[in-house]
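Undergrad: Handing you a structure now.
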Amino acid sequence: MTITQEPSRVALITGAASGIGRRIAEGLAIQRGISVYIVDKDAGAASEVALAISAAGGRAKSCVVDLRDCAALQKALPELTAEFGVPDIVVNNAAMAALMPAAEYSLDHWTATMAVNVTAPMILIQHTLPHMKKRGWGRIVNVASISGIRAGTGRLGYGTSKAALIALTRQFAIEVAEWGITVNAVAPGPVETPLVKINHDSATRATYDDMVPMRRYGTPEEIANGVLFLASDQASYVTGHTLAIDGGFIAAGVLVRDMFEKQPVPPIPAAASLATVAP
Ligand SMILES: NC(=O)c1ccc[n+]([C@@H]2O[C@H](COP(=O)([O-])OP(=O)(O)OC[C@H]3O[C@@H](n4cnc5c(N)ncnc54)[C@H](O)[C@@H]3O)[C@@H](O)[C@H]2O)c1
């Protein structure tokens, strides 16, 4: 693959050791020649991704952080972002997604979910803004979810946190727009990743296949493509937006798959008979 150098750009991607985050990191580093921080709690997987990027000719550093501990994150950031410098692209992609009935949602899960999915993104954005303002350029992309737009069974903590992340996207967007910094989100539909292997049983998969107009799960590449656009120069006038990448899930209302097989469309009446019907 050819590397097109975008001089001195640096990106930080959370949850980049797996799934969607990994594809985003590889896209930024290998397709666009951007130095990337691979931030993840999984040390082994993060270092494997960094090594794979280096082997492909990119520049990557793995950084082991558990985003549940926001105070530790805040303290660690200056050292964590020392090697390539403060990032001018931030992708908040890591998430916690424990599913349980709303009435029984545990306070521990709620607190941890909000920390990883909302508070850590805020801390990371705040850390990088002074640098982005100085450069007059910055790209922040938050990986939200269709669960932040539509409610889903068991998703009290996850869905609420993703709705908050979408609101956080808009809040930052309007306050930093005049410095050439854009803040956007993507809202993936169901995507084949390790997270989904844990959270989606066969009944959930069948439900999604029925509710997604494209009748299939997305791929990490399809989500990464949207993120790469929002993190590019080409997206310079897009800010505060949430891009659904979901095979049509959010657009859909009633979906009757075989409606016209069962009930053929009646022929349109001739113009003359239309005139007699219309008053
Ligand atoms: N897969 C889907 O169907 C789907 C749908 C909608 C939204 N999303 C969103 O896409 C993003 C990526 O999801 P994925 O499916 O690629 O998941 P994944 O499980 O494949 O990867 C998530 C990564 O985040 C890391 N991570 C989790 N908690 C962390 C923590 N406390 N500190 C640091 N790192 C942590 C994990 O170690 C892992 O490497 C998430 O924000 C998720 O909510 C996914």
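No lab work stands behind these numbers, since they all come straight from the coordinates. What you see is a predicted model, and the numbers here were worked out from it, not measured in a lab. Glycine also receives a Cβ, built like all others from the backbone with ideal geometry; neighbour counts cover every protein chain displayed.
Undergrad: Order of 87-97, 251-261 by packing, highest average Cβ count within 10 Å first?
TA: In descending order of packing, they fall as 87-97, 251-261.
Undergrad: Need one word for region 127-279: rounded, prolate or oblate. Basis is the Cα gyration tensor (sqrt eigenvalues a ≥ b ≥ c); a/c below 1.5 gives rounded, then a/b vs b/c decides.
TA: Oblate, because a/c is 1.5 or more while a/b does not exceed b/c.
Undergrad: Let me ask something additional. Can you order the peptides 50-59, 150-159 by their average number of other Cβ atoms within 10 Å per residue, highest first? Let's see the in-between values first.
TA: Details: 50-59: 16.2, 150-159: 18.3.
The peptides rank, most packed first, as 150-159, 50-59.
Undergrad: Which entries of Lys41/Lys133; Lys197/Lys262; Lys41/Lys75 have Cα-Cα distances beyond 26 Å here?
TA: Pairs exceeding the cut-off: Lys41/Lys133; Lys197/Lys262.
Undergrad: Run the quick spin-label model on Leu51 and Arg215: label points 7 Å from Cα toward the beta carbon, then report their separation in nm to one decimal.
TA: If labels sit at Leu51 and Arg215, their model points lie 4.2 nm apart.
Undergrad: I would also like to ask the following. Going by C-beta contacts inside 10 Å, put Thr204, Thr193, Thr169 in order with the fewest on the left.
TA: Ascending number of Cβ neighbours within 10 Å: Thr204, Thr193, Thr169.
Undergrad: Another one. If you line up the long axis of helix 120-135 against the longest principal axis of the chain, both from Cα atoms, how many degrees apart are they, to the nearest 10?
TA: 70
Undergrad: In nanometres, what is the gap between the two model label sites at Met122 and Ala206, each 7 Å from Cα along Cα-to-Cβ?
TA: 4.2
Undergrad: Using Cα atoms only, what is the angle between the long axis of helix 43-55 and the major principal axis of the chain, expressed in degrees (0 to 90) to the nearest 10?
TA: Roughly 90 degrees, rounded to the nearest 10.
Undergrad: How high is the FRET efficiency from Met259 to Met100, r the C-beta distance, R0 35 Å, rounded to 0.05?
TA: Working: r = 36 Å, r/R0 = 1.03.
It comes out at approximately 0.45.
Undergrad: In debye to the nearest 20, how big a dipole does the chain give about its Cα centre with +1 on each Lys and Arg Cβ and -1 on each Asp and Glu Cβ?
TA: Taking the Cα centre of the chain as origin, the dipole is about 320 debye.
Undergrad: Same structure, new question: Give the long-range amide H neighbours of Ser35: residues separated by 5 or more places, or on another chain, with amide H under 5 Å away, using H modelled in the peptide plane at 1.01 Å from N.
TA: Correct list: Arg9, Ala11.
Undergrad: Using each residue's phi in region 76-91, evaluate 6.51 cos²θ - 1.76 cosθ + 1.60 at θ = phi - 60° and report the 3J(HN,Hα) Karplus result to the nearest Hz, with x for Gly and Pro.
TA: Working through the residues one at a time gives 7, 4, x, 6, 4, 9, 7, 4, 9, x, 5, x, 10, 10, 10, 10 Hz.
Undergrad: Next question. As a test of the formula, what do you get for the chain when each DSSP H run with n ≥ 4 contributes -39,500 (n - 2.57) and the sum is divided by the residue count, at 222 nm and rounded to the nearest 500 deg cm²/dmol?
TA: Mean residue ellipticity at 222 nm (helix-derived): -12500 deg cm²/dmol.
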